[in-house]
C-alpha cells in the first residue's frame, strides 16, 4: 500500500505518525518552518510558513491526504489545502478547537458540563468577568496557548492588575477568556477516533498529572468507576458526531465529586495517548492514519496496564527504563531545552501491582532527577 500522507507540523507527534505508518507502507511529506523539526529526521520536509500559499500548493501536489500534528496551524491554511486534497480533521473542527471560547461554548451547547467562563476584551471587562465567574479563576488566551503558556491564575482581587499586565496586551490579537478554577480530584482524558463513515472507537479513559501546565505522567486505565468512564466517553462521542470529526482527538476533563467538567479538546493525536504505542492493540497513531485514509479502524483494547512518563527539558539515562520489565524508551531526537518535551518512557504490565513495583525500581535506578521524581511522586510511588 504505497500512499502518501502530508503532515502540517514536524514535531514529535508527526514523528510518531511516520513511525506508525512505515509498517503500513505509507510515505510522508512534512511542512514546517522549524529548521530542526524532529520528524524531518524520518521524512522529507518542506520548510515554509503555514500561510505560504505557494508552498502549500506544492505540498498538496505531493500527497493524497493531509493532517496536522498540532492545533495552532492556521485554519485558513488548512482550508486552502482542503481545496486541493482531503484534510482530516476538517478545517472547521480545527477552527473550533483553536478558540477556547468557541470550544467551551460548543461544550455548553452539547450539554457537556463546563465550569463558568466569560470572554474578556478589556481591563474593565476582566473585572466584570471576575464578578461573574468568581475567585479563584484563570485568565487565558483564547488562541495559541499550550503546555501552560498564555495563562494567569487569579487567587484574589489584587491579582487583576498583574493578570491584565501579563495577558492584556494579547487581548486584541488572540483574545482572552476567564474560566472558573475547578478544584478537581483527578484529571482524565478520553482518547477517541472516528472514521469518515462514522465508526467510533475509544481507548480506556486515561488519568493524567501535570507539572507547570505540562503533562508529566499518564496512566491507563484511569482510577475511576465504569459509570463515570462511560459518561466521559459519551461526551467524546457527542463532540465527534457534532463536528463530523475524522481522526484521533482527546477530550480533557476534570473529575470532581463524582462529576465531570470538560477542560479542552485537542484535535489531533495527543500526549496522554502515547502509552497506546505499546499498551493497546492499535496505537493512536496507527488509528489516526487508518481514519484519515478511509481504512478500517483497529482495536483500541488495552494490553494490560500502562504508565507513560514524559521527559521534559532533557533525557535521563535510558538503561533504567530498558532494563525494566515492560519498559519502553522513546527519544524524539531533540536538543535539550528547559520546558521542551524531548522524549517519554512507557511501562506496561498485565498486573497493576507488579507495574507499580517496576516503576518504583525504575525510579530508584534513574536517581533523583526532577523529570523522573515529579511524575513518580504523583503516581503515589516511593521516590
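Every number in this text was worked out from the coordinates using simple rules, so none of it is lab data. Predicted model, so just to flag it, every value in this text is computed and none were measured. For neighbour counting, all protein chains shown are included, and Cβ atoms are generated from backbone atoms with ideal geometry for every residue, glycine included.
Please give the calculated 222 nm ellipticity per residue for the chain, where each DSSP H segment of at least 4 residues contributes -39500 (n - 2.57) and the sum is spread over every residue; nearest 500 deg cm²/dmol?
Details: 13 runs with 122 residues, N = 383.
Here the helix-only value at 222 nm equals -9000 deg cm²/dmol.
Kindly identify the chain as rounded, prolate or oblate by the Cα gyration tensor criterion: order the square roots of the eigenvalues as a ≥ b ≥ c, call it rounded if a/c is under 1.5, otherwise compare a/b with b/c, prolate if a/b is larger, else oblate.
Note, shape of the chain comes out rounded.
How many angstrom separate the Cα center of the stretch 172-220 from the Cα center of the stretch 230-256?
Measuring centre to centre over Cα atoms gives 9 Å.
Label-point separation (nm) for residue 57 and residue 212, each offset 7 Å from Cα along Cα-to-Cβ?
Output for this residue pair reads 4.4 nm.
As a footprinting exposure proxy, order 106, 144, 56 by other Cβ within 10 Å, with the fewest listed first.
144, 106, 56
Defining a contact as two alpha carbons under 8 Å apart and six or more residues distant in sequence, what relative contact order in percent does the stretch 116-180 show?
49 percent
How do 24, 219 rank when sorted from fewest to most other Cβ atoms within 10 Å of their own Cβ? Don't skip to the answer; put the middle values down first.
Details: 24 15, 219 26.
Ordered from fewest to most neighbouring Cβ atoms within 10 Å, 24, 219 come out as 24, 219.
Can you give the Rg to Rh ratio of the stretch 1-48, both from alpha-carbon atoms, with Rh computed by the Kirkwood formula?
0.95
Arranged by the count of other C-beta atoms within 10 angstrom, fewest first, what order do 137, 38 take?
On the way: 137 25, 38 19.
Ordered by Cβ neighbours within 10 Å, fewest first: 38, 137.
For a test of the definition: using alpha carbon positions, the gyration tensor, and the 1.5 limit on a/c, classify the stretch 165-320 as rounded, prolate or oblate.
Note, shape of the stretch 165-320 comes out rounded.
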